[in-house]
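First the structure, in the form of structure tokens, and then the observations on it.
The values are calculated or read from the model by the stated rules, or taken from the named source; none is laboratory data. All values derive from a computational prediction rather than experimental measurement. As a convention, Cβ positions derive from the backbone with ideal geometry for all residues, glycine included, and neighbour counts pool all protein chains shown. Just so you know, the surface numbers come from the protein's heavy atoms only, side chains and all, with ligands and any DNA or RNA stripped out. Shrake-Rupley method; radii C 1.70, N 1.55, O 1.52, S 1.80 Å.
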Amino acid sequence: MAPSLSPIRSHHVAVIGAGAAGLVAARELRREGHSVVVFERQKQVGGTWIYTDHVEPDPLSVDPTRPVVHSSVYGSLRTNLPRECMGYRDFPFAIRSGVSESRDPRRFPSHGEVLAYLQDFSKEFGIEEMIRFETAVVRVSPAAKSDGDEGIGKWRIESTEKEKKTHRDEIYDAVVVCNGHYIEPRLAEIPGISSWPGKEMHSHNYRLPEPFKDQVVVLIGNSASAVDISRDIAGFAKEVHVAYRSNPADTFIKQPGYSNLWMHSMIERVHEDGSVVFQNGETILVDVIMHCTGYKYHFPFLETNGNVTVDDNRVGPLYKDVFPPALAPWLSFMGIPWKVVPFPLFELQGKWIAGVLSGRIMLPSKEDMMGEIKSFYATLEAQGIPKRYTHQMGNAQFEYNDWLASQCGCSGTEEWRKEMYLTTGVRRRAHPETYRDEWEDYHLVSQAYQDFSLYTH
Ligand code: FAD
């Protein structure tokens, strides 16, 4: 639908989270003329990129009463996307002149460089003045409408401030949920696990390889984290075995270049004597099983009277992964799509939400939004795609971004960014050990820096 010419309205908007999504949401909302408060339970901006040695006391992170450690970043982590591709569109993640020597200029830099970039972004756009740090949102619920509300949803936000132990109860016109999706682990189901005597953990609680010295470790999964962590640990552990459910049942491959790293099919069963049996028939005695099996969407503070649910990791119904039709535009979600280039996608989602809230951009009717969601679900079902993959985008992200861009009246994804994403994916799968340090897409880097010259100084 084309942008409308109706008068622009300003609203009082709460943003939950000051990670990469919340920061750019706040910028776009303020640019559009809204008044914004960002709630952030940590002491600084950056979300998952704030590395900490601390891990949760429950190594599987299943205890709902556990103290939550937000970050899932491990010590050796370098980005799995090149910095040119990864950054926001109008604040490139480029190597800037005059930056301190402590910065990491590599194309695939360490986690600390990403955090420094997000801090730069926050400083450049004065985002911190909108943020209430160490303030956790504990409840978001619909507020009763009053006479002057003119159809505005109104949300009641209850929050607690850590140091002062203050409890606040406030009303906002709209809420943008940017709470991150890498803290509530998914676990593999393993027959016999309740009587298996070894240690189980989730990659959320992995930081350093040294504690695995001389141990036999099984990792479950095939994500970027599983690939990185298995190599990290192989430098210290006695043996590392990676089990993955999509591997053919007879998979048993020694990883070239390593004396102690094997790929397997999935675990068939574990036993009381500490052994792990794989579908390929191999049996080994194991000290640690690490689940690198991803995360679940989790909104523990959100009450929507059933208008938004999480069912087998499908958050829905959401129009374009952002607006629940029954509550649009007063409730929105950012950062739901996965297997994407997150920051530029967040930027476009933020622009869209800001423009829709001000009335500059129109949404279809609730019925039409629901109709589109239903037909999308039907397409997934017809293709045999399980619910839990509803928000996986992959290459479809570019069409999605272009659609958002057209709504916002800005240009779609740059060709070099698309190509860089695709070529990096191919190299990552073919050369997981070296793709961060060897590449051939120099022409794309040069195109990127030509574009960046509009924004860097
Ligand atoms: P987060 O960064 O998680 O931020 C959410 C914020 O919300 C946090 O600050 C949190 O404290 C706050 N919050 C949550 N609940 C509340 C509450 N109730 N009240 C107040 N505040 C709250 N992306 C890339 O682009 N490149 C990569 O190489 C890459 N590697 C990754 C590696 C790992 C191990 C992980 C886990 C992710 C990686 N990502 C990568 C994806 C990464 O998650 C995104 O880049 C991005 O940082 C997500 O931002 P976010 O704002 O959605 O969430």
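Is one or more of the residues making up segment 427-445 open to solvent by less than 20 Å² (accessible area, probe 1.4 Å) and either touching a Cys at 6+ places or on another chain (Cβ under 8 Å) or assigned by TED's automatic domain parsing to the domain that holds Arg30 (or both)? No, every residue in segment 427-445 fails to be open to solvent by less than 20 Å² (accessible area, probe 1.4 Å) and either touching a Cys at 6+ places or on another chain (Cβ under 8 Å) or assigned by TED's automatic domain parsing to the domain that holds Arg30 (or both). The set of residues in segment 271-305 that are among the β-branched types (Val, Ile, Thr), surrounded by fewer than 18 Cβ atoms within 10 Å (Cβ to Cβ) and closer than 24 Å to Arg186 by Cα comprises Val277, Thr304. Just one of the listed residues (Thr65, Thr48) is among the hydroxyl-bearing types (Ser, Thr, Tyr), farther than 14 Å from Ile353 by Cα, open to solvent by 20 Å² or more (accessible area, probe 1.4 Å) and within 8 Å of the ligand (Cβ to nearest atom), namely Thr48. Scanning segment 395-434 for residues that are more than 14 Å from Val341 (Cα to Cα), in contact (Cβ under 8 Å) with a residue 24 or more places away in the chain and not in a helix (DSSP H, G or I) yields Gly409, Cys410, Pro432, Glu433.
Here is a yes/no grid of residues against (1) modelled with pLDDT of 95 or more; (2) under 27 Å from the mean Cα position of the chain (by Cα); (3) hydrophobic (A, V, I, L, M, F, W, C):
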site	(1), (2), (3)
Gly192	yes, no, no
Met201	yes, yes, yes
Arg207	yes, yes, no
Ser223	no, yes, no
Ile233	yes, yes, yes
Val242	yes, yes, yes
Ser246	no, yes, no
Ala249	no, no, yes
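You will find that of Glu200, Glu268, the residue that is part of a strand (DSSP E or B) and open to solvent by 70 Å² or more (accessible area, probe 1.4 Å) is Glu268 and no other.
For segment 183-197, name all the residues that are under 16 Å from Tyr74 (Cα atoms) and surrounded by fewer than 20 Cβ atoms within 10 Å (Cβ to Cβ).
Ile183
Restricting the first member to segment 247-262 and to residues that are aromatic (Phe, Trp, Tyr), and the second to residues that are assigned to a loop (DSSP other than H, G, I, E, B) and surrounded by fewer than 17 Cβ atoms within 10 Å (Cβ to Cβ), the beta-carbon pairs closer than 7 Å and six or more apart or on different chains are Phe252/Glu282.
Would you check if Val176 is in contact (Cβ under 8 Å) with a residue 40 or more places away in the chain and either buried (at least 20 other Cβ atoms within 10 Å of the Cβ) or in a loop (DSSP other than H, G, I, E, B) (or both)?
On the way: in contact (Cβ under 8 Å) with a residue 40 or more places away in the chain: yes; either buried (at least 20 other Cβ atoms within 10 Å of the Cβ) or in a loop (DSSP other than H, G, I, E, B) (or both): yes.
It is true that Val176 is in contact (Cβ under 8 Å) with a residue 40 or more places away in the chain and either buried (at least 20 other Cβ atoms within 10 Å of the Cβ) or in a loop (DSSP other than H, G, I, E, B) (or both).
Given Arg106, Arg31, Arg78, Arg89, which one is within 24 Å of Phe333 (Cα to Cα), within 15 Å of the ligand (Cβ to nearest atom) and open to solvent by 10 Å² or more (accessible area, probe 1.4 Å)? Spell out how you get there, then give the answer.
Numbers: Arg106 fails: within 24 Å of Phe333 (Cα to Cα); Arg31 fails: within 15 Å of the ligand (Cβ to nearest atom); Arg78 fails: within 24 Å of Phe333 (Cα to Cα).
On inspection, the qualifying residue turns out to be Arg89.
The strands (runs of 3 or more DSSP E) falling completely within segment 306-394 that include 1 or more residues that are at pLDDT below 95 and open to solvent by less than 60 Å² (accessible area, probe 1.4 Å) map to 314-316.
Of all the listed residues (Ile233, Ile171, Ile183, Ile229), the sole one being in a helix (DSSP H, G or I), closer than 30 Å to Phe346 by Cα and touching a residue at least 24 places away in the same chain (Cβ under 8 Å) is Ile229. Selection of segment 276-320 for residues being among the acidic types (Asp, Glu) and either over 30 Å from Met266 (Cβ atoms) or assigned by TED's automatic domain parsing to the domain that holds Pro248 (or both) yields Glu282, Asp287, Glu303.
Tally the residues that are within 16 Å of the ligand (Cβ to nearest atom), aliphatic (A, V, I, L, M) and open to solvent by less than 30 Å² (accessible area, probe 1.4 Å), restricting the search to segment 221-235.
Our first condition is that a residue be within 16 Å of the ligand (Cβ to nearest atom); within segment 221-235, this holds for 221-233.
Among the residues that remain, those that are also aliphatic (A, V, I, L, M) are: 224, 226-227, 229, 233.
Next, only the ones that are open to solvent by less than 30 Å² (accessible area, probe 1.4 Å) stay: 226, 229, 233.
Number satisfying all stated conditions: 3.
Looking at Val217, is it out of contact with any Lys or Arg (no Cβ under 7 Å at 6 or more places or on another chain) and within 14 Å of the ligand (Cβ to nearest atom)? The answer is no for Val217. In this structure, does Ser332 turn out to be among the polar types (S, T, N, Q) and closer than 30 Å to Glu84 by Cβ? Yes; evaluated as a whole, the condition is true for this residue.
Could you identify the single residue in Lys154, Lys165 that is farther than 23 Å from Leu285 by Cα, free of Cβ contacts under 8 Å to residues at least 24 places away in the same chain and more than 15 Å from the ligand (Cβ to nearest atom)?
Working: Lys154 fails: free of Cβ contacts under 8 Å to residues at least 24 places away in the same chain.
Step by step, each of Lys154, Lys165 is checked, and only Lys165 is farther than 23 Å from Leu285 by Cα, free of Cβ contacts under 8 Å to residues at least 24 places away in the same chain and more than 15 Å from the ligand (Cβ to nearest atom).
No other residue among Ser159, Ser223 is more than 25 Å from Gly75 (Cβ to Cβ), polar (S, T, N, Q) and in contact (Cβ under 8 Å) with a residue 12 or more places away in the chain apart from Ser159.
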